[in-house]
Amino acid sequence: MDDLNAMLEPGQMVRHPSEADWGLGQVQSNINGKITVMFQHAGKVVIDSRRLALLPVFE
């Protein structure tokens, strides 16, 4: 999971794989395995990249 999340950069759009109702999220930062994402319907969430792989959105 770390490898996919390591490629995420601020400004990229993502989705949470098990929280579809959170909507699209924009990566705010990706530092030492902690990814801060601002989701449309959940607000700011910090993701531990060792536990979860976010889904990049290419639209």
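Derivation of every value follows stated rules applied to the coordinates shown; laboratory data play no part. Small disclaimer: the values here were computed from a predicted structure and weren't measured. No Cβ is skipped: glycine too gets one built from the backbone with ideal geometry, and neighbour counts run over all protein chains shown.
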ask   = How do Met13, Met38, Met7 rank when sorted from fewest to most other Cβ atoms within 10 Å of their own Cβ?
value = Met7, Met38, Met13
The chain, relative contact order [Cα under 8 Å, separation at least 6], % = 37 percent
query = Considering amide H positions built from the backbone, and no H for Pro or chain starts, which residues 5 or more places from Ile47, or on another chain, come under 5 Å of its amide H?
reply = Ile35, Thr36, Val37
task = For Leu55 and Met13, calculate 0.36 nm times their separation in residues minus their Cα-Cα distance, and state this gained length in nm to one decimal.
result = 14.3 nm
request  = Show that you can apply the helix-only estimate: for the chain, add -39,500 (n - 2.57) for every DSSP H stretch of four or more residues, divide by all residues, and state [θ] at 222 nm to the nearest 500.
outcome  = -1500 deg cm²/dmol
remark   = Under the rule rounded for a/c under 1.5, else prolate if a/b exceeds b/c, else oblate, using alpha carbon gyration tensor axes a ≥ b ≥ c, the range 2-56 is classed as prolate
ask   = What ranking do Glu19, Glu9 get, fewest neighbouring Cβ atoms within 10 angstrom at the top?
value = Glu9, Glu19
key: Net +/- balance of residues flanking Val37 in space, Cβ distance below 15 Å, scoring K and R +1, D and E -1   = 0
query = Which residues make up the longest stretch of the chain that has no trypsin sites (Lys or Arg not before Pro) in a DSSP loop with at most 15 other Cβ atoms within 10 Å?
reply = 1-49
